[in-house]
Amino acid sequence: QVGVDNSLEIWFVEDDPALETYQEFQEEFGSDEVVVLALRAKESIFEAESMRALHSLTQIAANTDGIANAYSIANARGLDETKDGGLDISPLYVAGKPFDGESLRKRVQENPLFHGRLVAKNSKMALVMATMEAHDDIDSVRDGILNKLSQEIEQSGLPVHTAGMGVIYSALNELSLKDSQIFILASNLVIFAVLALLFRRVVPVVITLLVIGVASLWLMGLYGALGRETNMVTMVLPTLMLIIGVADCVHFLGHASKDKEGISREERVRKSLAFMFWPCFINSLTTAAGFASLMAAPMPVIRDLGLFAAIGVIGAFIASLIGCTIGLMWPSAEVKTRAGLSIRKAVGGLAKVASKHPKSVLVGALFVLLLSGLGMTRLKVDTYSIGFLKSSHPVHQDSVAIESDFGPYTPLEFIIKMDGDLESENALDVLRSVASWQDAMEVQEGVGWTRSYVDGLRRLGQVWSGLGQEGWGLPADDLQLYTLMDQYDPASNPGLPKMLSSNQDELRVTVGIPMGSAHDFKAMIEKLSALAQFPNNVSLEPTGYLPLYVEMMDSIVESQLSSFGLAFFVIFIMLAILFRSLRLAALAVPANLLPVLMILGIMGAAGIALDVATVTISAVVLGLVVDDTTQFLYRFRHELQQRERIEEAVEHAVKGAGEAIAITSVVLGLGFLVLTFTAIKSIAFFGLLCSIALFAALLSDLLILPATMVLFRPKL
């Protein structure tokens with residue numbers, strides 16, 4: 001029953017002001033989700049063949065279920081002066097009637113409502129603005145609507161470029177379901193192939209596979225039974241089960257296979273499982289507590305991640321314990337003692353370096369920390385949805401083509417709320433200030449066009465004045481402006497979106513801006529809002545999807561960062577309680593913090609933004625680093641009770657726990673590297689950064705943590 005749900009409601013807390021504003025906008029003005037269809041003409045859009053194609057495309061869009069209206073010069077009405085001084089509001093184009101391309105060109109190019117807004121200024125591209133119907137859960141129906149539309153366009157054979165935020169999300173959904181599943185399967189196959197090479201037997205790999213499968217089924221089954229659907233944040237849950245399951249199985253199976261002279265196999269296995277129970281249990285408990293702390297986050301998706309990750313960690317531990325215990329009834333489940341011989345030698349070398357040269361190790365760690373800090377100064381918190389698609393993807397190419405030939409096309413919505421309606425005292429001042437604001441915006445870099453109710457008044461005044469371009473403005477005389485308002489009918493263009501509220505107390509202004517990231521949209525909203533100068537008691541509100549997108553992306557990243565900070569704190573308090581040593585837990589902090597900071601530094605240096613996809617790496621690093629730390633600290637405490645010299649205790653602790661830690665890191669790291677070949681950049685970055693984080697965590701726990709223990713000598 002688990003589906004995919006990235007609808008708006010899951011990203012916001014109940015009664016969130018931004019979400020309420022957006023819902024009010026939709027109730028009054030309808031959906032603001034626009035599918036931009038761009039038709040490229042061979043020579044000029046004002047040729048008979050091009051207009052027939054544009055008319056056909058407009059009809060296709062208008063007749064597609066789920067599309068509320070489609071607007072282009074093929075179905076728009078003009079607002080022109082007749083020869084006898086009257087007003088011509090006839091359609092610009094009528095299919096089946098004799099075609100006069102020159103007359104059409106003149107009507108379009110002389111009318112600012114169309115020139116540069118629906119037709120490119122070079123006349124080689126025309127747009128169809130197809131607005132989707134308002135829907136409570138547009139994310140659940142969008143793909144179906146767009147698939148129908150694309151099928152009809154494909155059958156028509158028209159050369160069309162398709163763009164829009166919904167088109168981007170649909171493409172990402174499609175790739176996520178197809179491409180990413182293939183590579184995630186390939187990643188798992190690599191993980192189990194490497195495990196087979198290191199274990200030298202198939203049965204331990206099968207046990208590990210079954211454990212992860214059972215843990216994932218338990219977790220996702222509960223997830224679906226409670227009515228949850230996966231999203232961009234909680235999609236990391238199966239990955240966490242993979243990490244925890246592999247780590248626990250490697251520890252249980254690996255330790256049970258070590259030689260213990262003088263006792264039977266059954267006794268050896270029993271003692272090994274009893275010995276490994278506590279470090280694995282402590283690890284599961286601390287990691288679950290860390291994730292559970294995320295439930296304090298305000299965002300529903302973060303709370304769900306915390307709740308189900310905590311449940312999943314405990315479930316993975318139970319599955320590992322039961323699965324490995326049953327599996328080890330058969331000798332073939334044991335790992336061959338020669339498995340991972342090269343890893344064992346490498347771990348032994350690290351143990352000697354950490355115990356003999358602790359100061360050098362920590363100086364090296366400090367140097368890495370400084371480099372990470374420099375990289376972090378360049379780290380950006382941003383989300384660029386279309387940037388998740390590679391430049392070769394058709395959706396990415398279509399967006400570039402439209403912006404190259406036509407200009408900015410992405411609609412940004414504003415609402416101007418008046419203290420009264422159009423008959424109130426300051427209504428005329430508001431209309432004039434809107435016109436001035438639009439003029440100020442249209443000369444800004446990155447603004448392609450603006451549209452509002454005022455434009456109809458300006459066009460009507462332009463026609464009546466006969467002044468052409470100089471007449472594109474509102475008259476200074478109040479009586480003349482009232483006359484324009486009385487004569488202008490906003491419904492004269494049926495395909496044009498609603499620009500004036502039903503009570504005539506709200507004006508909608510739409511601005512065409514470039515496709516960009518959340519940061520770009522935020523900067524543009526602030527820039528354009530600052531240009532507005534309205535009378536008192538008049539408010540300006542950015543609305544529609546883009547401001548919501550900005551807040552949504554910022555909230556996800558900020559919420560995860562602050563929540564994982566709390567999770568990190570909770571985990572080490574738990575370690576202090578369970579090991580009964582605050583000093584021991586405090587000494588473990590640097591080794592666990594460094595891998596996270598190192599990844600952030602690499603992201604900053606490489607120009608990889610911290611976004612909704614890469615921010616979940618915190619959960620992955622948290623799950624593995626804490627596991628490695630717990631295993632080392634438990635073994636270190638055990639060895640210190642049997643030896644007087646702390647250096648010897650550190651070396652034996654690294655040798656005892658290090659092999660399993662190294663095997664887990666190598667196996668998972670190579671598996672995640674496979675994800676770098678996916679078509680979605682976010683998943684590719686996720687795979688690459690996870691691999692780096694795993695190896696960084698390995699070195700941190702086998703070098704920095706032991707060196708810290710040798711240098712500061714905690715008392716247990």
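A few points about this structure:
- The separation of region 42-87 from region 517-557, counted between C-alpha centres, amounts to 32 Å.
- Between residue 378 and residue 352, the distance separating the two model label sites (each 7 Å from Cα on the Cα→Cβ line) works out to 3.8 nm.
- Residue 193-residue 44 FRET efficiency (beta carbon distance; Förster radius 56 Å; 0.05 resolution): 0.40
- With contacts taken as Cα pairs under 8 Å and at least 6 residues apart, the chain reaches a relative contact order of 20 percent.
- Degrees, to the nearest 10: 165-177 long Cα axis against longest axis of the chain: 30
- Rounded if a/c under 1.5, otherwise prolate or oblate - region 165-250, Cα gyration tensor axes: oblate
- Degrees, to the nearest 10: 358-376 long Cα axis against longest axis of the chain: 10
- FRET E, pair residue 404, residue 156, Förster distance 25 Å, beta-carbon r, rounded to 0.05: 0.60
- Spin-label model, residue 539/residue 173: points 7 Å from Cα along the beta carbon direction are separated by 3.3 nm.
- Three-way shape call for region 29-105 based on the alpha-carbon gyration tensor, with the a/c threshold at 1.5: oblate
- Ligands, DNA and RNA aside, residue 255 has an accessible area near 20 Å² when probed at 1.4 Å.
- Those residues of region 489-521 whose amide nitrogen sits under 12 Å from the label point placed on residue 421, 7 Å along Cα→Cβ: 501-506
- Straight-line cross-link reach from residue 97 at under 19 Å between alpha-carbon atoms covers these lysines, not counting any fewer than eight positions away in the same chain: 106.
- Using C-alpha pairs under 8 Å with a sequence gap of at least 6, the mean separation divided by the residue count of region 80-134 gives a relative contact order of 16 percent.
- Accessible carbon and sulfur surface of the chain relative to its total accessible area, %, 1.4 Å: 57
- Which of 365, 381, 481, positive extreme of dipole for region 342-495 (C-beta unit charges): 365
- For region 289-367: rounded, prolate or oblate by the Cα gyration tensor [a/c cutoff 1.5]: oblate
- Only helices enter the 222 nm calculation for the chain: every DSSP H run of n ≥ 4 contributes -39,500 (n - 2.57), and dividing by all residues gives -20500 deg cm²/dmol, rounded to 500.
- Taking all protein chains as shown and a probe of 1.4 angstrom, residue 52 keeps an accessible surface of around 140 Å².
- Accessible heavy-atom area order of 583, 378, highest first, probe of 1.4 Å: 378, 583
- Considering only alpha-carbon pairs that sit under 8 angstrom and 6 or more positions apart, the relative contact order computed for region 494-609 is 13 percent.
- Solvent-accessible surface of region 422-466, taken per residue with a 1.4 Å probe and all protein chains present: 35 Å².
- Span per principal axis, largest first, for the Cα atoms of the chain (Å): 114, 53, 42
- Charged side chains reduced to their Cβ positions (Lys and Arg at +1, Asp and Glu at -1) give the chain a dipole of some 5380 debye around its Cα centre.
- Average accessible area per residue (Å²) across region 84-130 - probe 1.4 Å, nucleic acids and ligands excluded: 49
- Residue 610 long-range amide H proximity, modeled H, under 5 Å: 380, 381, 382
- Net charge contributed by nearby residues that have their C-beta within less than 13 Å of residue 406 (K/R +1, D/E -1): +1
- Distance between region 423-448 and region 685-715 - C-alpha centres, whole angstrom: 58
- Accessible surface comparison of 713, 201, 635, probe 1.4 Å, protein chains only, largest first: the order is 713, 201, 635.
- Against the criterion of solvent-accessible heavy-atom surface with a 1.4 angstrom probe, 367, 564 sort, most first, into 367, 564.
- Nearest 10 degrees, 0 to 90: helix 394-405 Cα axis against the chain principal axis: 40
- Here residue 443 and residue 186 are evaluated by their C-beta separation; at R0 = 45 Å the FRET efficiency comes out at 0.30.
- Positive dipole terminus of the chain, leading residue within 208, 610, 687 (C-beta point charges): 208
- Check: region 117-184 dipole with +1 on Lys, Arg Cβ and -1 on Asp, Glu Cβ, in debye: 520
- Spin-label pair residue 141/residue 483, simplified geometry with 7 Å Cα→Cβ offset, distance in nm: 4.6
- Cα centroid separation, region 181-255 to region 368-388 (Å): 29
- Surface calculation, 1.4 Å probe, protein heavy atoms: residue 29 sits at approximately 20 Å² accessible.
- In summary, the aspartates and glutamates within cross-link reach of residue 352, defined as a Cα separation below 20 angstrom excluding same-chain residues under 8 places away, comprise 628, 639, 644, 647, 648, 651, 659, 701.
- Extension gain, residue 330 to residue 498: 0.36 nm times the residue separation minus the Cα-Cα distance gives 53.2 nm.
- Cross-link partners of residue 681 among lysines, defined as those whose alpha carbon lies under 23 angstrom from its own and excluding same-chain residues fewer than eight positions apart: 178, 380, 390, 522.
The values are calculated or read from the model by the stated rules, or taken from the named source; none is laboratory data. Here the structure is a predicted model, which is why all the values come from computation and not from measurement. Cβ: placed from backbone, ideal geometry, glycine included. Neighbour counts: every protein chain shown. With ligands, DNA and RNA removed, areas are computed over all heavy atoms of the protein, side chains included. Shrake-Rupley method; radii C 1.70, N 1.55, O 1.52, S 1.80 Å.
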